[in-house]
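The values are calculated or read from the model by the stated rules, or taken from the named source; none is laboratory data. Being a predicted model, the structure only gives us computed values, none of them experimental. When we count neighbours, we look across all protein chains shown, and the Cβ atoms used for this are built from the backbone with ideal geometry, even at glycine.
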Amino acid sequence: MQRRTLGRGPAITELGLGAAQFGNLYRETTDEASTAAVDAAWHSGIRYFDTAPHYGIGLSERRLGAALAQYPRDEFVISTKAGRALVPTPENADQLDEHGFMVPATFRREWDFSRDGILRSIEGSLERLGLDRLDIVYLHDPDSHWAEASTTGIDTLIELRDQGMVGAIGAGMNQSAMITEFIRHTDVDVMMLAGRFTLLEQGALDELLPLALERGVGIVAAAIYNSGLLSAPRPAADARYDYQQAPPELLARANAIADVCERWGVTLPDAAVAYPLRHPAVVSVVLGTRTEEQVASNVSRYETVISDGLWADLAAEGLIP
């Protein structure tokens with residue numbers, strides 16, 4: 001599998017495994033299923049794995065760390081996130097987590113981009129993952145915390161990068177405007193852009209991606225199916241977009257893109273995986289995965305050969321820039 005190099009940091013595979021579902025996102029999974037997914041990813045050539053304390057309040061990190069423990073440490077790249085401190089709430093053990101993860105609510109998340117908060121978050125992640133260093137750390141969804149995240153948050157990650165505890169640093173968000181500001185004003189290496197550079201959304205082409213390319217900052221594209229609208233060859237009538245019911249105009253546009261894909265003998269999700277990787281600022285596409293079967297599907301989509309004629313037709317019909 002092809003790798004792309006960040007301006008400063010590790011080379012990562014063009015396809016990455018997103019481990020949010022290892023944290024029992026929306027429904028329970030098992031340690032065995034998570035390990036089987038990692039094994040399938042490894043044997044398919046995937047060497048980039050993304051997680052966060054937020055995913056199952058630490059369960060995703062523990063499962064991912066355990067599954068990767070059998071593999072040579074220098075051969076894989078792992079990213080996690082900081083900024084959402086896990087505060088113990090043992091009194092809520094009889095309740096379920098309120099953020100969609102099917103786990104006991106034994107911790108609550110607390111926004112904390114202070115130096116102490118970031119250091120404690122990194123320490124907890126290292127312990128859960130069973131590692132002594134992290135390849136990439138993103139500040140997690142700092143949308144409402146620019147002042148602290150862009151100063152003490154990033155400064156602390158820079159300190160850890162200088163010490164060799166962290167390889168590359170950045171932020172992960174569902175918007176492009178603030179990611180652009182991070183690149184413009186802070187010393188970041190890689191940013192995770194979720195849902196904002198896809199077959200349905202190209203606003204990042206205006207400012208973010210050119211600036212990232214100019215500054216040598218890698219962009220990891222996540223949520224490239226836009227919450228499911230692009231995940232099937234034909235969007236379902238009740239398909240979701242950004243976690244809500246897809247509006248009729250976007251549903252019609254997705255179907256129009258699917259029409260063009262069918263003419264070229266590929267599927268809508270095949271094109272959805274390939275599209276972000278066409279831009280030189282994008283270093284990887286991360287796909288959320290629960291099972292080894294999903295890994296096989298993701299890899300098949302990544303390996304699909306797509307003619308330049310498809311992109312030309314989509315542009316000619318006004319469906320992409």
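Here's a check for you: in the stretch 14-62, which residue that is of a type in the set (Lys, Arg) and closer than 22 Å to Met192 by Cα is surrounded by the fewest Cβ atoms within 10 Å (Cβ to Cβ)? Walk me through it before giving the result.
Step one: list which residues in the stretch 14-62 are of a type in the set (Lys, Arg), which gives 27, 47, 62.
Next cut, closer than 22 Å to Met192 by Cα only: 47, 62.
Working: Arg47: 21, Arg62: 19.
It comes out as Arg62.
On the basis of being of a type outside the set (Val, Ile, Thr) and either buried (at least 20 other Cβ atoms within 10 Å of the Cβ) or under 20 Å from Leu126 (Cβ atoms) (or both), does Ala11 make the cut? Give the steps one after another, and end with the answer.
Numbers: of a type outside the set (Val, Ile, Thr): yes; either buried (at least 20 other Cβ atoms within 10 Å of the Cβ) or under 20 Å from Leu126 (Cβ atoms) (or both): no.
Here the answer is no, as Ala11 does not meet what is asked.
Kindly list, by first and then second residue, each pair from a residue in the stretch 10-25 that is under 23 Å from Val103 (Cβ atoms) to a residue that is assigned to a strand (DSSP E or B) and among the small types (Gly, Ala, Ser), limited to pairs with Cβ atoms under 9 Å and residues at least 6 apart or on different chains.
The qualifying pairs are Leu17/Gly288; Gly18/Ala222; Gly18/Gly288; Ala19/Gly288; Ala20/Gly288; Gln21/Gly288; Leu25/Gly288.
Test Leu160 against the stated conditions and say whether it is of a type in the set (A, V, I, L, M, F, W, C), within 30 Å of Tyr26 (Cβ to Cβ), within 22 Å of the chain's Cα centre (by Cα) and surrounded by 15 or more Cβ atoms within 10 Å (Cβ to Cβ).
Values: of a type in the set (A, V, I, L, M, F, W, C): yes; within 30 Å of Tyr26 (Cβ to Cβ): no; within 22 Å of the chain's Cα centre (by Cα): yes; surrounded by 15 or more Cβ atoms within 10 Å (Cβ to Cβ): yes.
When the stated conditions are applied, Leu160 does not pass them.
Mind checking which pairs have a first residue in the stretch 97-111 that is within 18 Å of Tyr243 (Cβ to Cβ) and surrounded by fewer than 17 Cβ atoms within 10 Å (Cβ to Cβ) and a second that is modelled with pLDDT of 95 or more and among the charged types (D, E, K, R), Cβ under 8 Å, 6 or more apart or different chains?
As it stands, the answer is His99/Arg109; Met102/Arg27; Met102/Glu28, since those pairs meet every condition given.
Between Gly9, Gly45, which is of a type in the set (Gly, Ala, Ser) and in contact with an Asp or Glu (Cβ under 9 Å, 6 or more places away or on another chain)? First the steps, then the outcome.
Working: Gly45 fails: in contact with an Asp or Glu (Cβ under 9 Å, 6 or more places away or on another chain).
Exactly one of Gly9, Gly45 is of a type in the set (Gly, Ala, Ser) and in contact with an Asp or Glu (Cβ under 9 Å, 6 or more places away or on another chain), namely Gly9.
What residue, among those in the stretch 275-295 that are of a type in the set (A, V, I, L, M) and over 14 Å from Met1 (Cβ atoms), is surrounded by the fewest Cβ atoms within 10 Å (Cβ to Cβ)? Show your work before the answer.
Going residue by residue through the stretch 275-295, those that are of a type in the set (A, V, I, L, M) are 277, 281-283, 285-287, 295.
After this cut, where a residue has to be over 14 Å from Met1 (Cβ atoms) as well, the list is 281-282.
Values: Ala281: 25, Val282: 23.
Residue satisfying both the conditions and the ranking: Val282.
Name the single residue that is surrounded by the most Cβ atoms within 10 Å (Cβ to Cβ) among those in the stretch 215-247 being in a helix (DSSP H, G or I) and touching a Gly at 6+ places or on another chain (Cβ under 8 Å). Break it down into steps so the answer makes sense when it comes.
Narrowing the stretch 215-247 to residues in a helix (DSSP H, G or I): 215, 226-228.
Remaining after also requiring touching a Gly at 6+ places or on another chain (Cβ under 8 Å): 215, 226-227.
Details: Arg215: 14, Asn226: 25, Ser227: 16.
Filtering first and then ranking leaves Asn226.
Rundown of residues vs (1) at pLDDT 95 or above; (2) more than 14 Å from the chain's Cα centre (by Cα); (3) farther than 25 Å from Tyr243 by Cα, yes/no style:
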{"residue": "Gln2", "(1), (2), (3)": "yes, yes, yes"}
{"residue": "Thr5", "(1), (2), (3)": "no, yes, yes"}
{"residue": "Ala37", "(1), (2), (3)": "yes, yes, no"}
{"residue": "Leu59", "(1), (2), (3)": "yes, yes, no"}
{"residue": "Tyr71", "(1), (2), (3)": "yes, yes, yes"}
{"residue": "Val77", "(1), (2), (3)": "yes, no, yes"}
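Which residues, taken from the stretch 26-40, are without any contact (Cβ under 8 Å) to a residue 12 or more places away in the chain and either among the aliphatic types (A, V, I, L, M) or part of a loop (DSSP other than H, G, I, E, B) (or both)?
Scanning the stretch 26-40 gives a single hit, Thr30.
Under the condition of being closer than 30 Å to Val38 by Cα and free of Cβ contacts under 8 Å to residues at least 12 places away in the same chain, which residue from the stretch 296-321 is surrounded by the fewest Cβ atoms within 10 Å (Cβ to Cβ)? So that I can check it myself, show each step before the final result.
Start the filter on the stretch 296-321 by keeping residues that are closer than 30 Å to Val38 by Cα, which leaves 296-306.
Among the residues that remain, those that are also free of Cβ contacts under 8 Å to residues at least 12 places away in the same chain are: 297, 300, 303, 305.
Details: Ser297: 15, Ser300: 14, Glu303: 14, Val305: 8.
Per the criteria, the residue is Val305.
Out of (1) under 28 Å from Thr30 (Cβ atoms); (2) without any contact (Cβ under 8 Å) to a residue 24 or more places away in the chain; (3) of a type outside the set (A, V, I, L, M, F, W, C), the odd one out for Tyr225 is which?
The failed condition is (2).
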